[in-house]
Amino acid sequence: MKFITTVVGSYPTHKLKNEEDVDPFRKAIEEAVRDQIEAGVQLISDGQVRGDMITLFARKIPGYKIERRPVVVDRIYPPKEGITVEDYLLTKELAGDKADVKGIITGPFTMALGSGVSRESPYRNIMDPELIFDLARVQAEEAKALTRAGAEVIQIDEPAFSLGVDLELGREAVEMIAENIKVPTLHVCGDVAHIFEKLLEIDVSILDHEFTNTRNLDVIEREMIEPYDIRIGYGCVNTKLNEVESVEVIEKRIVEAVKKLGAENIWIDPDCGLRLLSREVAKKKLENMVIASKNVAKMIEEGEL
Ligand SMILES: [Zn+2]
């Protein structure tokens, strides 16, 4: 057996001072891709190197203005071209046949919560359902563009869901995007124990969460997820800690999940993005995660688990 190993998305980055006609972020994408492949990760990302998860999209969405932070100043509508498609294609080209590449989209609630809304805009405030749905339409187009570019797994990031937003609206908005994706993944970091049953109602293939410092594994049961045909993205590497966990520690975490959820029901990844770590630590964490997942797979094959 073999676990699918992946990442949540962001990777430590730095903008290079380059000659004018060279993309200053190209090198950062190359580094992120190389590190993930060398660590042995199977399903990699472009590293989301161009900015935080809000600005990354807002800078290209008509209706936004980037001030100290992204502010909605006019009606939001989809840009003519995909926002992350160029970086996705570059990543695919760099990865060749060494790894698969996932697409990553920041969800509408998280986009809205990370933005300001100016008085000139047609929206009442950041939680205006009209704004949420307009953002969902933008990201549905992005999902289509990524799918056309060859992305099968596309992850929708909604960390805002664990902060107490209206999950009925959240479900509708996520599904508007997910219906354009072959393998839709929903990443919600933080403690989701209190909302997990609601998340199960959302029509996606994978629910991806943090497990190293939450109570999430306490509330998720194999019997709960199997009827929905949902896999769990099992975050088993702490991304808030700029210190590498040993293979043994990660192995133990994976064994716990295998016992509780079943090996066939989990994908292996870090808790969240790696952006805030040093590059050296980020790479080593991924390396140890891949080794640990191989060790556990071997234990299962040899009947030890
Ligand atoms: Zn996260």
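Laboratory data are not the source of any read-out in this text; all were calculated from the coordinates shown. Since we're looking at a predicted model, the values are computed, not measured. Virtual Cβ from ideal backbone geometry, glycine too; neighbours counted across all protein chains shown.
Just a few scattered comments:
- Size descriptor, Kirkwood hydrodynamic radius, that averages inverse alpha-carbon separations across the chain, Å: 19.6 Å
- Model label zone, ASP74; criterion: amide N under 16 Å from point 7 Å along Cα-to-beta-carbon; scope the stretch 120-151: 120-123
- Cα-Cα over 19 Å, subset of LYS65/LYS144; LYS240/LYS260; LYS182/LYS298; LYS65/LYS102; LYS92/LYS285; LYS80/LYS144: LYS65/LYS144; LYS240/LYS260; LYS182/LYS298; LYS65/LYS102; LYS92/LYS285
- Residue order, fewest to most beta carbons within 10 Å, for SER246, SER10: SER246, SER10
- Span-like helix criteria (full DSSP H runs; alpha carbon extent of at least 27 Å along the helix axis; mean Kyte-Doolittle hydropathy of at least -0.5) are satisfied in the chain by 129-148, 279-301.
- Note on GLU172 and MET1: with the Förster distance fixed at 51 Å, the Cβ-Cβ geometry gives a FRET efficiency of about 0.90.
- Measuring r between the beta carbons of VAL22 and ASP52 and using R0 = 25 Å, the FRET efficiency lands at 0.65.
- Amide hydrogen neighbours beyond the local backbone of GLY116, cut-off 5 Å, H modeled: VAL71, VAL72
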